[in-house]
Amino acid sequence: MAFLISRDKIPLKTVLAAGVSLFAETWSRTKTLLTVSAAQCLYVLSDDNDPTALIIRKTQAYTSCLLGIVTSSEPDNSTDSANAMAIDKPADSEKRMNLKVLACGILKNISPLPTMGPTPPEDLDKKITLPLLVSLLDYSPLNAANRVQELITAEDLKQNSKVLKGCVNDSMPKSDHQSETELELESIESQLRTLILGLEVLTGVCANLPDPEPEVVEEVDMDEEDNDDEVIEEEQPERISTTPSNSQTNSLSLIATLTRPLLLLARPTALSFPQSSAPPIHPPTTSALGTIHIRALECLNNLFLGINTEQGQLPEGAAKQATEVWKDVWSVLAAVGKQAEWTVGSGAEVRKEMWEIGVGVLWGLARIGKGELIPDSGEVSALIEFCDWTNDEMIKVKCIGALGCLAQREDAVEANKVIGAYLFSYLTSPLPNTTIPWPEATLHAASSIIDIYADEDQPYDVNFRELAWTEALAGAKDRVKRAGRAIDRKKEGGRELKDFADEVYANVKGFVQYRRRLKI
């Protein structure tokens, strides 16, 4: 990582020029290991680093080199017979794939690219990056884990046999020569690490799906006196397009391509988590597998949360697709295990992170399948339990979002009652002091309640009426106001969150008036 050490002492442009020159030169000569090292440095340097990205992006020789690596077959090495023979080695082939993925990652880091050649910059992901990354998803972590177990078991038996025969002499120095078992384990680890890198780049691709336009909300003065008798004039709603955009359709197509292989990569294997009673049989494999599961869930999270779920924007069949994936995600989380199973030494941190990201995937799916998903009592309980357990407020928000969508299945009256009562607990439960413990979660709970019970003709609205939730919501206005005041505008995203708080407070006031006027 000499480039990283030197970048504060030598002008960045000089460092990059040296790095990319080495990168291009070693690629042309097929010195794969050195090229991979240079590519790793450039990948790290260009990550979330605008000055570096700008220099690489503006220098056509650099971008052409990167594109050439991603799109090329093996370089011509007919003049170098030694290198030609090395190309055929599996280890060298793995390094070259790793190099291509690194080049993809650098291109993503420096996007948007200038127009070069026949491929427009906007088609880079679709025509160049995605085909390469998708090809990596066929790799099976389950097969890798099984093979590692076979190799370790066979090696243990071999060593035990040597001990029994007295063939082991601890005083003799160990040979530097790698056994066939060690070479194969190293190869498996290399392939797993390349897959991790590919998923990391793919996570960025999935995050680039178009976001819905944010709604502009007029700020409400939370300090003004409440007046439930004040008549709030209803504005005429704007016309909403009922035709899904091309980007939405493309996003659903991408989801159809990626979902199944990503779910397989997210599923834990026998080696994914160490046993609390013993260390992992091959720590590099266990570490790599845990990271793969996390990265695969991150891709799914970005895919589903990037879909615009506004009225008329979901293509036909999207809700059905979401309901099919829903059970598969729960199956993955069931294999991860619940909080009580996360004992010390059993991969608790990886399990926790998988659940946190998995909840985000469920929220994304619930937004797409709202009204279609059938709430299972066990799943609802698990979401509530995890929401209460976590101390991360953003995870609480995701749990609340998923629950709010599940509650809108029209024939699920009992599940609606359970979810509604839980959401109201954020608004009505006694507080230990005047501080709102989870202000953002409180705001989202209030917003979800209004969304769920906006249509009084739904069968589940009986819960809202029989449990007197209109008055409960009226009594919670002060807590909603205080939750909004607890938001710090100066923090990242604080202004947008403050606007959201203003919107929720105004909606609570208006909704209470509306429900009282209904007199039901």
**Asked** When Lys and Arg each count +1 and Asp and Glu each count -1, what net charge do the other residues less than 13 Å away from Thr435, Cβ to Cβ, add up to?
**Response** +3
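Tell me, what is the FRET efficiency for Arg495 and Asp138 to the nearest 0.05, using R0 = 56 angstrom and their Cβ-Cβ distance as r?
Numbers: r = 44 Å, r/R0 = 0.79.
Result of the calculation: an efficiency of 0.80.
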**Prompt:** Share of segment 353-393's accessible area from carbon and sulfur, percent, 1.4 Å?
**Reply:** 43
**Message:** Given R₀ = 60 Å, what would the calculated FRET efficiency be for Leu54 paired with Arg516, taking r from the Cβ atoms and rounding to 0.05?
**Reply:** 0.55
**Asked** Per the Debye formula with a single identical scatterer at each Cα and no solvent contribution, what log10 I(q)/I(0) holds for segment 257-376 at q = 0.10, 0.14, 0.16 Å⁻¹?
**Response** -0.33, -0.60, -0.74
**Request:** Provide the gained length on full extension for the span Ala454 to Thr343, in nm with one decimal, where the gain is 0.36 nm per separating residue minus the Cα-Cα distance.
**Result:** 35.7 nm
**Linear extension gain, Asp156 paired with Trp389, 0.36 nm per residue minus alpha-carbon span** = 79.8 nm
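Multiply the residue separation of Asp488 and Thr434 by 0.36 nm, subtract the distance between their alpha-carbon atoms, and state the gained length in nm to one decimal.
Here the answer is 17.7 nm.
Determine the per residue accessible area of segment 293-334 with all protein chains present and a 1.4 angstrom probe, expressed in square angstrom. The partial results should precede the final answer.
Values: 1580 Å² over 42 residues.
Normalised by residue count, the accessible surface of segment 293-334 is 38 Å².
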**Message:** Quick check for you: with a 1.4 Å probe and neighbouring chains kept, what is the accessible area per residue of segment 422-520, in Å²?
**Reply:** 48
**Request:** Heavy atoms only, probe 1.4 Å: what % of the accessible area of segment 396-516 goes to carbon and sulfur, would you let me know?
**Result:** 48
**Prompt:** Which of the peptides 384-390, 452-458, 492-498, 191-197 is most tightly packed, and how do the rest follow, judged by the mean count of other Cβ atoms within 10 Å per residue?
**Reply:** 191-197, 384-390, 452-458, 492-498
**Message:** For the full complex of protein chains and a 1.4 angstrom probe, list His282, His293 by accessible area with the highest value first.
**Reply:** His282, His293
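The values are calculated or read from the model by the stated rules, or taken from the named source; none is laboratory data. Nothing here was measured: the structure is a model prediction, and the numbers come from that model. Every residue, glycine as well, gets a Cβ built from its backbone with ideal geometry; the counts of neighbours run over all protein chains shown. Areas reflect the complete protein model, heavy atoms only, side chains present, ligands, DNA and RNA absent. Shrake-Rupley method; radii C 1.70, N 1.55, O 1.52, S 1.80 Å.
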